[in-house]
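S.K.: Can you keep this structure in mind? I'll have questions shortly.
Since every read-out is calculated from the coordinates, none of them should be taken as a lab result. Here the structure is a predicted model, which is why all the values come from computation and not from measurement. Neighbour counts are summed over all protein chains in view; Cβ atoms, including those assigned to glycine, are modelled from backbone coordinates with ideal geometry.
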Amino acid sequence: MDHTTLIRRPRLRGPVLLAAFDGWNDAGEAATTAIDAVGDGLGAETFATIDPEDFYDFQATRPTVRLVDGHRQVEWPAVELRAARLPAAEHDLIVVRGHEPNLRWRTFAGEIVELAADLRVEMVVTVGALLADVPHTRPVQVVSSAGDHDLAERLGLGISRYEGPTGILGVLGDLATAEGIPTVGLWAALPHYLNLAPNPWGAMALIQELRRLLPMAVDTSALAGQTEAFDAAVAELVEENPELAGYIERLEADSDEETDDEEGSPGLADLPPEEFVAEVERYLRDHPGGSRN
């Protein structure tokens, strides 16, 4: 682990590692917002950091400057690993949060997996969000898929058979699987026509799925408090754009027709896990850039 600084070695019970990164994997900042809420809500403490020097193109992912006690201070793209104890559960948590690296993905993900193996991590859960053909007026749909059949059967998930462009989450999951660590991937599908962040609805949907997979108490009241302002911003955007309003109505009609038509294809939320995963994977293949504004 040439690029990882271990501040302290946490004592954890069968930890589960959660990971989310800004960028391609994080539509509406929903995934990183969810991970931040989990880490902050559980009082997670930083125990390791990854040096950004060899992994980022600072012209693409720029450092920022802020004033600290009257002095200018440069803040570099940070990747932190935080640990949280879950006294009422069988597992503790490791939360990985940072920017998607620009360079040396295999080395970057390999450092995380090496540390995970050293800490005896029992499962890696990657958390992402994508932009899809879904209306904002319907509940956010979250897809969860497992990396192997045994884990999929135990958790009632589908198996990912995706082929196509991937992000750092895909690389991290692949290396974890190669190391023998079971992996699960979560994706929230958000409306592609909204360029608003953070999306509290997406974050809360991801946290709800995380709580289903990993029983834990996470307070989402702060996120719930953001929904009114978010909804007002969306309503203003739609009101100012009649063409967009008409498009949303068509998406709503398609969504409702798929859900209500018993003889037709079910809606995404009603699909069997493997078909649900296939719908998300179809989107990733068709939109390799990860967004469509």
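S.K.: Using only helices, what value at 222 nm comes out for the chain when you add -39,500 (n - 2.57) per DSSP H run of length 4 or more and divide by the total residues, to the nearest 500 deg cm²/dmol? List each step's numbers first, then the result.
M.R.: Working: 8 runs with 110 residues, N = 293.
Helix contribution divided over all residues of the chain: -12000 deg cm²/dmol.
S.K.: Further question on the same structure: If the only charges are +1 at each Lys and Arg Cβ and -1 at each Asp and Glu Cβ, what is the size of the charge dipole of the range 118-231 around the Cα centre, to the nearest 20 debye?
M.R.: Dipole magnitude for the range 118-231 comes out near 200 debye.
S.K.: Also: I'd like to know which of 131, 24, 47 lies farthest towards the positive end of the charge dipole of the range 1-150, counting +1 on Cβ of Lys and Arg and -1 on Cβ of Asp and Glu.
M.R.: Of the listed residues, the answer is 47.
S.K.: State, as an integer percentage, the relative contact order of the range 1-129 based on alpha-carbon contacts under 8 Å between residues 6 or more apart. Write down the numbers at each step before the final one.
M.R.: On the way: 238 pairs, mean separation 53.7, N = 129.
Reported as a whole number, the value is 42 percent.
S.K.: Also, I was wondering about something else. Note down the nm distance, to one decimal, between modelled labels 7 Å out along Cα→Cβ at residue 253 and at residue 163.
M.R.: Computed distance between label sites residue 253 and residue 163 equals 3.7 nm.
S.K.: Let me make sure I get this right: for the range 61-133, a, b and c are the square roots of the gyration tensor eigenvalues over alpha carbons, sorted descending. Under 1.5 in a/c it's rounded, otherwise prolate if a/b > b/c, else oblate. Which is it? Working shown, then result.
M.R.: Values: a/c = 1.82, a/b = 1.48, b/c = 1.23.
Prolate.
S.K.: How large is the charge dipole for the chain, taken about the Cα centre, if only the Cβ atoms of Lys, Arg (+1) and Asp, Glu (-1) carry charge, to the nearest 20 debye? Could you put the intermediate results ahead of the total?
M.R.: On the way: 22 positive and 52 negative charges, 321 e Å.
Computed about the Cα centre, the dipole is about 1540 debye.
S.K.: Mind jotting down the distance between the C-alpha centroids of the range 106-139 and the range 1-21, whole Å?
M.R.: 14
S.K.: With r defined as the distance between the Cβ atoms of residue 155 and residue 208 and R0 fixed at 22 Å, what FRET efficiency is calculated, to the nearest 0.05? Before the final figure, lay out each step's value.
M.R.: On the way: r = 15 Å, r/R0 = 0.68.
My answer for the efficiency is 0.90.
S.K.: Oh, and also: Among 143-156, 232-245, how do they line up by average Cβ neighbours within 10 Å per residue, starting with the highest? Write out the running numbers ahead of the final one.
M.R.: Values: 143-156: 17.1, 232-245: 12.1.
So the peptides 143-156, 232-245, ranked by packing, come out 143-156, 232-245.
S.K.: Would you work out which of 178, 233, 83 lies farthest towards the positive end of the dipole of the chain, given +1 charges on the beta-carbon of Lys and Arg and -1 on that of Asp and Glu, about the Cα centre?
M.R.: With unit charges placed on the Cβ atoms, the residue in question is 83.
S.K.: Also, quick follow-up: Per residue and in cubic angstrom, what volume does the convex hull of the Cα atoms of the range 1-62 have? Walk me through the numbers before you get to the answer.
M.R.: Numbers: hull volume 7.6 nm³, N = 62.
Taking only Cα atoms, the range 1-62 has a hull volume of 122 Å³ per residue.
S.K.: Testing the spin-label approximation: label points 7 Å from Cα along Cα→Cβ at residue 241 and residue 4. State their distance in nm.
M.R.: Roughly 4.2 nm, to one decimal.
S.K.: Oh, and also: Sort the following peptides by mean Cβ neighbour count (other Cβ atoms within 10 Å, averaged over residues), highest first: 62-73, 124-135, 192-203. Present the calculation step by step, with values, prior to reporting the outcome.
M.R.: Details: 62-73: 8.4, 124-135: 24.3, 192-203: 21.4.
Sorting 62-73, 124-135, 192-203 by mean packing, highest first, produces 124-135, 192-203, 62-73.
S.K.: Which Cα, out of 193, 247, 1, lies furthest along the positive dipole direction of the chain (beta carbon charges, K/R +1, D/E -1)?
M.R.: Towards the positive end, the residue furthest out is 1.
S.K.: Next up: Roughly speaking, what is the stretch gain from residue 228 to residue 54, that is 0.36 nm per residue apart minus the C-alpha to C-alpha distance, in nm to one decimal?
M.R.: Contour length minus Cα-Cα distance gives 58.5 nm.
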